[in-house]
Amino acid sequence: MLELRAVDYRHEHAIVLDGVSFTVAPGEKVVLLGANGTGKSTLLKLIDGLIAPAAGTILYQGVRITPAALNKTSLGKKFRAGVALLFQNPDAMLFNPTVYDELAFGPRQLGLTDVDARVRHWADRVGVSRYMERPPFGLSGGEKQKVCLAALLVNEPRLLLLDEPTAGLDPRSTGWLVELLAGLPATVITATHNLSLAAELGQRALVLDESHRLIHDGLIAPFLGDLKRLIAANLAHSHSHPHGGLTHRHFHTHDWQ
């Protein structure tokens, strides 16, 4: 479904991604791990065709993807119907007067004929039906995140890209999201900092380090159990803390968003 070949990205001459290569098969659930600033969000935007790589190639179903290529109506419409990106900040995605209009916007742009049925199905499945006539801007952060997710799922994409999707969710909603994603037929790539949640989001991990290179592509469980590799990826740290009246330091992990 997806292939990246030696993809580089630069921002004001600074390296953001360096020679990233991997493939993703249809139906895979992949977890993208890395400390802040390693390029996770940029990688998702590149895959979504919002920005272009400085070098390298991105292929979706065998077709090269660039912002310029997506400006061609036929390719762009097909790609936007098949690929969807959930931003880390939901406020960056909301612009319609009501929740119903947020969910209906994508199907309307794609010229689908069953807009109302799709909207009501996914609003109910995601749990935002009671907000349909409300403006999305007044909702809580977690409610906004659910509205944005429903607005993507209503198009029934084949490839779903999620940037820290649990950031605004409480524990119950996080558990709900894990179950929802596991049941979707879509291919899913989820960027997260939450190490304890990561193994529930997929069996395969892509890990970026602070040199902006891909340092792991494989099963997630062995990586999460390897403290040396977690330290190398800046996903484990040390600080002073008490144990039985003594204060000492050692490397360990925390979950954070």
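The values are calculated or read from the model by the stated rules, or taken from the named source; none is laboratory data. Note that the structure is predicted; figures quoted are calculated from it, not measured. Neighbour counts are summed over all protein chains in view; Cβ atoms, including those assigned to glycine, are modelled from backbone coordinates with ideal geometry. Just so you know, the surface numbers come from the protein's heavy atoms only, side chains and all, with ligands and any DNA or RNA stripped out. Shrake-Rupley method; radii C 1.70, N 1.55, O 1.52, S 1.80 Å.
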| query | Within the chain, what is the longest stretch that has no chymotrypsin sites (Phe, Trp or Tyr not before Pro) placed in a DSSP loop and near at most 11 other beta-carbon atoms within 10 Å? | reply | 96-255
| Of Pro136, Gly19, His212, which is farthest along the charge dipole of the chain in the positive direction, counting Lys and Arg as +1 and Asp and Glu as -1 at C-beta? | Gly19
| Among (i) 19.3, 68; (ii) 17.4, 53; (iii) 19.2, 64, the entry that matches Rg and Dmax of the Cα atoms in Å as calculated here | (i)
| field | Cα-centred dipole magnitude for the chain, charges only on beta-carbon of K, R (+1) and D, E (-1), debye, nearest 20 | value | 400 debye
| field | Average accessible surface area per residue within the chain, 1.4 Å rolling probe, Å² | value | 47 Å²
| message | Accessible area of the stretch 19-172 with a 1.4 Å probe: how many percent of it is carbon plus sulfur? | response | 51 percent
| query | Ignoring ligands and nucleic acids, what accessible area does His11 show with a 1.4 Å probe (Å², nearest 10)? | reply | 110 Å²
| field | For the stretch 1-116: rounded, prolate or oblate by the Cα gyration tensor [a/c cutoff 1.5] | value | prolate
| Rounded accessible area of Ile220 (nearest 10 Å², 1.4 Å probe) | 10 Å²
| message | Explain nothing, just the number: relative contact order of the chain, from Cα pairs under 8 Å at least 6 residues apart, as a whole percent. | response | 24 percent
| message | Nearest 500 deg cm²/dmol is fine: what mean residue ellipticity at 222 nm does the chain get from its DSSP H runs of n ≥ 4 alone, each adding -39,500 (n - 2.57), divided by its residue count? | response | -9500 deg cm²/dmol
| said: To check you understand DSSP bridge types, tell me what percent of the beta bridges within the chain (both residues inside) are antiparallel, rounded to 5. | reply: 60 percent
| task | Mind ranking Arg120, Arg130 by accessible surface for me, highest first, 1.4 Å probe? | result | Arg130, Arg120
| task | Provide Thr57, Thr38 ordered by accessible surface of protein heavy atoms (probe 1.4 Å), highest first. | result | Thr57, Thr38
